[in-house]
Amino acid sequence: MLKTFVIITTVFFASLSIAAEQTLHRGILQAFWLPVWSDDGQRNTPELQYRYFVTTDGDNVEKIINLDVDKKDAEPEQLKRYFPHIPSEFLTGKEGHIERAGAITVDKLAETTECDHRYFTAGMKHFSPGDKATIDTNKIEKQAGCEAFPWMMTYTLKPGIENRYFKQQPDAGARDLQLVTPDTPLVKIKTINSEWIQVAVRDENKPGLLGEARGFIKLNDLQPIN
């Protein structure tokens, strides 16, 4: 009798586990580096994150699922399971994002609501790449509301610094370009070295929020605002 009970119980819980899994057949898997700043705003320790855009038609987003991914492998090996073509700077610089269309199997899908926005989380079990070659990242991010562009690093000038200029090259002796005032929000394009970054003036109407005014600026003159 006890043996029968154990078998029935095992089958029951196994069924629950299987039922908890579901496959979403249309969407886009994204990996990105989330900036995590120290309390003094001087040190950023990026964290690799994954999420999945569930799409209804092309790039029209139904919901975004923040994924819990098994990170027992080192980051390069883990990423290569899902993304065969990874830009070298994505790993070395630990900034930015990569995407790939396909189907995903998840478990423990949960939903919470905060400030009238629905947040979804789930465990990632399996990803099957699709054949969609082009992905309009700006379009899907624009539909993400307060979850849009999580990898983005935005800066302003440090207090006490009145004005600076974009430089044409990452060199103090290079030609001055756009004037940067204390209230100008700057979005990082990429890191050049420990002293310089390439930035653009933030523009909500431009792809990636990267305005046309851009150039190089010393990191030491800036403070993060995200």
Cβ-derived FRET efficiency at R0 35 Å, residue 85 paired with residue 56, nearest 0.05: 0.85
Sequence-separation-based contact order of segment 43-150, relative, with Cα cut under 8 Å and 6+ spacing, percent: 27
Separation of the residue 21 and residue 117 label points, Cα + 7 Å toward Cβ, nm: 3.2
Structure-derived volume of the Cα convex hull per residue in Å³: which label, when the choices are (1) 128; (2) 173; (3) 147: (2)
Residue 34-residue 203 pseudo-label distance in nm [points 7 Å out on the Cα-to-Cβ vector]: 3.1
Percentage relative contact order, the chain, counting C-alpha pairs under 8 Å, at least six apart: 16
Volume per residue of the C-alpha convex hull in segment 126-226, rounded to whole Å³: 144
Reachable aspartates and glutamates from residue 139, criterion Cα separation under 16 angstrom, eight or more residues apart if same chain: 57, 59, 62, 99, 147, 203, 204
Per residue value of the accessible surface for segment 74-226 (all protein chains in place, 1.4 Å probe), Å²: 56
Portion, in percent, of the accessible area of segment 77-148 that falls on carbon or sulfur, probe 1.4 Å: 48
Share antiparallel - DSSP beta bridges, the chain, percent rounded to 5: 95
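Peptides 80-90, 181-191: what's the order by average Cβ count within 10 Å, highest mean first?
On the way: 80-90: 12.6, 181-191: 16.3.
The peptides rank, most packed first, as 181-191, 80-90.
The values are calculated or read from the model by the stated rules, or taken from the named source; none is laboratory data. Nothing here was measured: the structure is a model prediction, and the numbers come from that model. Every residue, glycine among them, receives a Cβ derived from its backbone with ideal geometry; neighbour counts consider all protein chains shown. What goes into the accessible areas is simple: the full protein's heavy atoms, side chains included, and nothing from ligands, DNA or RNA. Shrake-Rupley method; radii C 1.70, N 1.55, O 1.52, S 1.80 Å.
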